[in-house]
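A.B. asks: I have a structure I would like to understand better, so I am pasting it below and will then ask my questions one at a time.
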Amino acid sequence: MLAGVVGLLGFLIGHWSAVLSWFSTVSFFSSRGSKIMSNTTYKTVIMICGIFLVILGFYFVISQINFLHIL
């Protein structure tokens, strides 16, 4: 029982540390990118990334709806 709790805590702490480091890296490069690119280029890149995420979200919702109809 104790090994399970220790394993779970180890997993959670490792996962949270990885998420924190990933978000910190993305945030760092995002702030640096705004200084390297022109304002128009930066806004275009952010817009393209946002559109991609919205399309990906729709894909996940539609694929889940299709999956539930199969059941």
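The values are calculated or read from the model by the stated rules, or taken from the named source; none is laboratory data. Only a predicted model underlies this, so the values are computations on that prediction, with no experimental measurement involved. Counting neighbours? That spans all protein chains shown, and the Cβs are built from the backbone with ideal geometry, glycine included. With ligands, DNA and RNA removed, areas are computed over all heavy atoms of the protein, side chains included. Shrake-Rupley method; radii C 1.70, N 1.55, O 1.52, S 1.80 Å.
A.B. asks: Excluding ligands, DNA and RNA, what is the solvent-accessible area per residue of the chain at a probe of 1.4 Å, expressed in Å²?
C.D. replies: On a per-residue basis, 90 Å².
A.B. asks: What number, in nm² with one decimal, is the all-direction average of the projected area of the convex hull of the alpha-carbon atoms of the chain?
C.D. replies: Quarter of the Cα hull surface area: 7.7 nm².
A.B. asks: If r is the Cβ-Cβ distance from Ile36 to Ile65 and R0 is 35 Å, what FRET efficiency results, to the nearest 0.05?
C.D. replies: 0.30
A.B. asks: Using a 1.4 angstrom probe on heavy atoms only, work out the carbon and sulfur share of the accessible area of the chain in %.
C.D. replies: Answer for the chain: carbon and sulfur cover 79 percent of the accessible area.
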